[in-house]
Every structure is written in C-alpha cells, then in structure tokens.
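First comes the structure, then the notes that go with it.
The values are calculated or read from the model by the stated rules, or taken from the named source; none is laboratory data. Predicted model, so just to flag it, every value in this text is computed and none were measured. With ideal geometry, Cβ positions are generated from the backbone for all residues, glycine too; neighbour counts draw on all protein chains shown.
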Amino acid sequence: MDLVRDDGADRYVVLQRKGQLFPAVYSAAHRFCRLPVWKDRDAVDPSPVLDSLEDVAMQAAFFCGVGLNASLERLLTAARAVADTVRTIQASSRPGLGGNVDERLRPDDGAVRRRLDHAITAFVESARADLRIDGSWLPVHPAS
C-alpha cells in the first residue's frame, strides 16, 4: 500500500491558480461593465467581452466551493442582463450625441450596470476572503 504524503503542494497549486483566475474574473467583469453601447454611431457587440468573462468565470468555478460559485453565478447573471439591455437599446434607439445612450433608456442601462457593479464587488469580497487577503478593498476604475 502506497501512502501519499500530503505536503500541501496540491493546496498550494489550487491557491496559486485561484490567485490568477480571481483577478482575471474581476478584470473581465470590470471591462464588460464599462463596455459602451455605442462607439461613435456604431453598435458595440457585447458578445466577445461577455464570452471572455464567461470563459474565465468557468475556469475559476472549477476551483471554487458552493458559496463562491454562487457569487460567480450572480455576477454572470448580472452580466447577461447588461448584454440583453445593451442589445435592446441598440435595437430600439439610435446613438445620441457622442455615442451616448438615448435619454429615455439611460435609466435602464444605468440600473443593470449598477447591479453588475454590485455583483463584481460581492465576488471580489468573496474571492479575497477565500484567498485570506486581509484589509479593505477599493475598486480601481481605469480610464475608458
């Protein structure tokens, strides 16, 4: 009978992978949350950025427990709501001055993006707790 000694290497590899994937989820979600509806007068397709977010979230989910996966699922649900709202805005309006969302539809756009932003914050707080990172966290909002 072979006895395998647990030297913590397996846990270290998982911790290391989480340390790579969790920030990647945050980055992709942050990028998606700030994706414009219009670029000049052209519609911006949210699909490629949403696909990237879903891909990295699925990779992270592989290493997570139930609680953190629930946080990831809420984040993805909120991101899909943003994508649906963006597509609705694009189908039912035209870009305003400077590529802005039509005034009538700004409240809807703002509401789904705030929900996504809250879901991102909740995920980051859960992920930091999972990694045992102490201290408070403040999101960074790079220039778009």
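When you scan region 35-46, do you find a residue that is of a type in the set (D, E, K, R), closer than 16 Å to I89 by Cβ and at pLDDT 95 or above, even just one? For region 35-46, residues of a type in the set (D, E, K, R), closer than 16 Å to I89 by Cβ and at pLDDT 95 or above: present.
All conditions in (1) surrounded by fewer than 20 Cβ atoms within 10 Å (Cβ to Cβ); (2) farther than 26 Å from A122 by Cβ hold for S47, with the sole exception of (2). The set of residues in region 84-104 being in contact with a Ser or Thr (Cβ under 8 Å, 6 or more places away or on another chain) and surrounded by fewer than 18 Cβ atoms within 10 Å (Cβ to Cβ) consists of D102, R104. Of the residues that sit in region 67-78 and are at pLDDT 95 or above and surrounded by fewer than 16 Cβ atoms within 10 Å (Cβ to Cβ), which one is farthest from the chain's Cα centre (by Cα)? Out of the qualifying residues, it is A70.
Considering A119, A81, which residue is at pLDDT 90 or above, small (G, A, S) and crowded, with 19+ Cβ neighbours inside 10 Å? Going through A119, A81 in turn, the sole match is A119.
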